[in-house]
Amino acid sequence: MSNTVQALDAKDRSTGASSISASDRRKVITFKAGAAIVAKNAVAFDTSATGADRVVTVVKADNATAATAQAIGFSLDTATAAGQLVRVVVQGYVEDADVANAVGTVGTTLNSGGTAGRAIAYGAGNDQAPFAQALEVAGGNTCDVWVLGLFA
């Protein structure tokens, strides 16, 4: 018998709308920025760092560079310089994530794109695992997404 209690109707106190944290399905982890990051950018581990810093530091995900091609989530915060702290959604809902307008189908799986920090539709030629799913059609290079939690 499970003792897990879930609240599927969690409400935002200010708006009364459903909360992004309903039933604790969203995981946010704080990382150090390895360089400037804009809120809602797709991020990857900074493998240019050394030792354990490689997995506590993030940079904009960019599939043009193998070292930063595998995105792990979307940053909630902006960092103007290396060393600043950013919260990253590694599993769960992200509103207005940086996603290319070419994502024109709800349910499209996403991976990092050639524009640093912007996710694109996952395709057969991609070497990285898809890390998120579009919950709407992208417009203005943003859309709501679900981060799959592969790295959570």
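Select from the range 99-137 the residues that are open to solvent by less than 20 Å² (accessible area, probe 1.4 Å) and within 15 Å of the chain's Cα centre (by Cα) and list them in ascending order. Scanning the range 99-137 gives Val99, Ala100, Leu110, Asn111, Ser112, Gly113, Gly117, Ala119, Phe131, Ala132, Ala134. Considering only residues in the range 12-53 that are over 17 Å from Leu85 (Cβ atoms) and assigned to a helix (DSSP H, G or I), the one that is modelled with the lowest pLDDT turns out to be Ser23.
Residue under question is Thr78, and the condition is that it be among the polar types (S, T, N, Q), exposed (fewer than 15 other Cβ atoms within 10 Å of the Cβ), under 24 Å from Arg26 (Cβ atoms) and in contact (Cβ under 8 Å) with a residue 40 or more places away in the chain; does it hold? It is true that Thr78 is among the polar types (S, T, N, Q), exposed (fewer than 15 other Cβ atoms within 10 Å of the Cβ), under 24 Å from Arg26 (Cβ atoms) and in contact (Cβ under 8 Å) with a residue 40 or more places away in the chain. Of all the numbered requirements in (1) assigned to a strand (DSSP E or B); (2) open to solvent by 10 Å² or more (accessible area, probe 1.4 Å), Ile72 misses one, and that requirement is (2).
The values are calculated or read from the model by the stated rules, or taken from the named source; none is laboratory data. Computed from a prediction, not measured in an experiment: that's the story for all the values here. Cβ coordinates were reconstructed from backbone atoms using ideal geometry, including for glycine residues, and neighbour counts include every protein chain displayed. Accessible surface areas use protein heavy atoms only, side chains included; no ligands, DNA or RNA. Shrake-Rupley method; radii C 1.70, N 1.55, O 1.52, S 1.80 Å.
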